[in-house]
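The values are calculated or read from the model by the stated rules, or taken from the named source; none is laboratory data. Not measured: the values here are computed from a predicted model. Every residue, glycine among them, receives a Cβ derived from its backbone with ideal geometry; neighbour counts consider all protein chains shown.
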Amino acid sequence: MAKPLNFETDPQIRCREFKIGCIGAGFIMADVQLSAYAMAGFPVVAIASRRAEKAAEVADRWKIPAVHQTPRQLIEDTNIEIVDIAFPPDQQPDLIRHALKQKHVRGILAQKPLAMDFWLAKELVEEAAATDKVLSVNQNMRFDQSMRVLKQLIGQNELGTPILGTIEMRAIPHWQPFLASYQRLTLLNMSIHHLDVLRFLFGDPTEIYTAVRRDPRTEFEHTDGITISTLKFPSEVLAMTMEDVWSGPRQEGFDSDIYIKWRVEGLEGVAQGTIGWPDYPAGSPSTLRYCSRKTTDGHWVQPSWDTRWFPHAFAGVMEQLQYALKTGTEPMLSASDNLKTMALVEAAYRSVQESRAVQLAEFAF
């Protein structure tokens with residue numbers, strides 16, 4: 001049997017010199033991002049949140065030297081070079097705009113979604129482009145280890161010409177309370193991971209068709225609870241993503257059956273795997289196995305790694321911005337590229353509203 005390939009599951013840390021100020025002290029910042037930053041050695045020098053006492057607790061946990069009373073005060077701290085925002089998407093644009101006005105700020109890492117809709121996201125991208133600041137968006141699933149290895153398999157043509165890709169999510173996210181007032185739920189806040197990673201794997205799609213239903217297990221009003229989207233690409237790849245975000249059984253005493261799994265089929269091989277996030281905080285690595293007529297003689301091979309999507313992938317997200325600032329190059333997760341993901345999300349909502357396949361050409365980037 002042919003020897004299996006070697007893969008780079010996690011990126012190298014090429015730069016860690018720019019000082020970071022973190023906005024937000026909730027789960028994603030306190031438990032995930034700051035854990036990844038500590039392991040990678042990134043210099044976090046300040047933190048702020050909606051409640052200063054919560055920020056102080058997180059600062060004490062991660063040995064962050066400065067706590068600001070408000071996010072705007074943190075942004076104005078001249079010691080900070082990168083503003084890292086983990087705040088609700090309806091409040092994020094104002095913070096980005098304030099950071100764009102500060103001479104000392106060199107980079108901004110925004111959470112996904114960049115904004116509540118495509119048009120506001122486009123305004124932010126244009127405003128950032130008119131400055132000397134680098135705006136990047138935390139689409140962290142691109143740094144999940146299984147997605148990175150899958151991208152390498154596709155890039156090295158181990159699977160041959162891709163034909164079909166699927167992502168199936170039956171898991172229960174940590175739904176943030178602020179989402180209850182948005183109406184927009186799953187597509188904007190969870191499907192966006194999968195839509196973005198399909199772009200990462202296959203390029204930009206030409207059209208999307210999305211069907212949704214209200215999920216009666218979600219105890220606040222929303223339009224898109226359970227979602228299924230089908231995407232077509234210029235290469236003729238067909239892809240599907242499905243999100244069931246209150247997957248059962250979940251009652252006490254029932255065995256859980258939650259997962260995120262994916263599969264890509266090509267003319268010369270197949271790859272499939274799982275995303276390790278649903279069992280967080282216990283945690284497990286994502287998985288991938290593949291068979292190729294080219295290098296595995298049709299036998300299944302399963303590379304392995306110890307790192308995980310949560311928290312380790314978030315080191316790659318910060319590193320790509322640090323490196324972009326050091327080299328004067330475009331970050332991998334650039335805001336201009338993310339605008340295409342926001343357009344895909346907006347096209348999905350238009351597809352639901354108008355009951356049709358929506359062409360991405362309907363949106364101007």
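Looking only at segment 188-223, count how many residues are part of a strand (DSSP E or B) and touching a residue at least 60 places away in the same chain (Cβ under 8 Å). Working first, answer last.
Here is the first cut: in segment 188-223, the residues part of a strand (DSSP E or B) are 207-213, 222.
Applying the additional criterion that residues be touching a residue at least 60 places away in the same chain (Cβ under 8 Å) yields 207-212.
Selection size over segment 188-223: 6.
Checking the conditions here, which among Gly203, Gly269, Gly273 is closer than 22 Å to Phe7 by Cβ, surrounded by fewer than 16 Cβ atoms within 10 Å (Cβ to Cβ) and modelled with pLDDT of 95 or more? Break it down into steps so the answer makes sense when it comes.
Values: Gly269 fails: surrounded by fewer than 16 Cβ atoms within 10 Å (Cβ to Cβ); Gly273 fails: surrounded by fewer than 16 Cβ atoms within 10 Å (Cβ to Cβ).
Only one candidate passes the filter, namely Gly203.
Report every pair of residues separated by at least 6 positions or lying on different chains whose Cβ atoms are under 7 Å apart, first residue within segment 83-98 and basic (Lys, Arg), second surrounded by fewer than 22 Cβ atoms within 10 Å (Cβ to Cβ). Within 7 Å, the pairs are Arg97/Glu127.
For segment 45-82, what are the residues that are of a type in the set (Val, Ile, Thr), within 17 Å of Ala110 (Cβ to Cβ) and touching a residue at least 40 places away in the same chain (Cβ under 8 Å)? Within segment 45-82, Ile75, Ile80, Ile82 meet the criteria.
When segment 98-130 is examined, which residues are found to be surrounded by fewer than 15 Cβ atoms within 10 Å (Cβ to Cβ), charged (D, E, K, R) and assigned to a helix (DSSP H, G or I)?
Residues of segment 98-130 that are surrounded by fewer than 15 Cβ atoms within 10 Å (Cβ to Cβ), as a first pass: 101, 103-104, 119, 123, 126, 129-130.
Add one more test, that the residue is charged (D, E, K, R), and what stays is 101, 103, 123, 126.
Passing the criteria: Glu123, Glu126.
Go over the candidates Val149, Val67 one by one and state the one that is over 17 Å from the mean Cα position of the chain (by Cα) and of a type in the set (A, V, I, L, M). None of the other options fit; the residue is Val67. Give the residues of segment 154-189 that are closer than 25 Å to Pro249 by Cα and among the small types (Gly, Ala, Ser), sorted by residue number. The answer is Ala171, Ala180.
Restricting segment 292-302 to residues that are surrounded by fewer than 17 Cβ atoms within 10 Å (Cβ to Cβ) and of a type outside the set (D, E, K, R) leaves a set whose member that is nearest to Met332 (Cα to Cα) is Gln302.
Tally up the residues in segment 281-330 that are over 30 Å from Val105 (Cα atoms) and of a type in the set (Gly, Ala, Ser), please.
Number of matching residues: 7.
Residue by residue, here is whether (1) over 22 Å from Lys232 (Cβ atoms); (2) of a type in the set (D, E, K, R); (3) in a loop (DSSP other than H, G, I, E, B) holds:
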| residue | (1), (2), (3) |
| --- | --- |
| Ser256 | yes, no, yes |
| Ala282 | yes, no, yes |
| Tyr290 | yes, no, no |
| Asp297 | yes, yes, yes |
| Phe310 | yes, no, yes |
| Thr329 | yes, no, yes |
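A count restricted to segment 224-244 and to residues that are of a type in the set (A, V, I, L, M, F, W, C) and either in a loop (DSSP other than H, G, I, E, B) or under 15 Å from Leu185 (Cα atoms) (or both) stands at 5. Cβ-Cβ distances below 8 Å connect the following pairs, each with a first residue in segment 224-247 that is among the aromatic types (Phe, Trp, Tyr), a second residue that is surrounded by 21 or more Cβ atoms within 10 Å (Cβ to Cβ) and part of a strand (DSSP E or B), and a separation of six or more residues or different chains: Phe233/Ala239.
From the set of residues in segment 152-170 that are outside any strand (DSSP E or B) and in contact with a helix residue (DSSP H, G or I) (Cβ under 7 Å, 6 or more places away or on another chain), which is surrounded by the most Cβ atoms within 10 Å (Cβ to Cβ)?
Start the filter on segment 152-170 by keeping residues that are outside any strand (DSSP E or B), which leaves 152-161.
If we keep only those that are in contact with a helix residue (DSSP H, G or I) (Cβ under 7 Å, 6 or more places away or on another chain) too, we end up with 154, 159.
Working: Ile154: 20, Leu159: 23.
The selected residue is Leu159.
For segment 36-54, state whether one or more residues are at pLDDT 95 or above, surrounded by fewer than 17 Cβ atoms within 10 Å (Cβ to Cβ), closer than 19 Å to Phe143 by Cα and of a type in the set (D, E, K, R). No, that holds for no residue. Here Phe143 clears all of (1) surrounded by 24 or more Cβ atoms within 10 Å (Cβ to Cβ); (2) without any contact (Cβ under 8 Å) to a residue 24 or more places away in the chain except the condition numbered (2).
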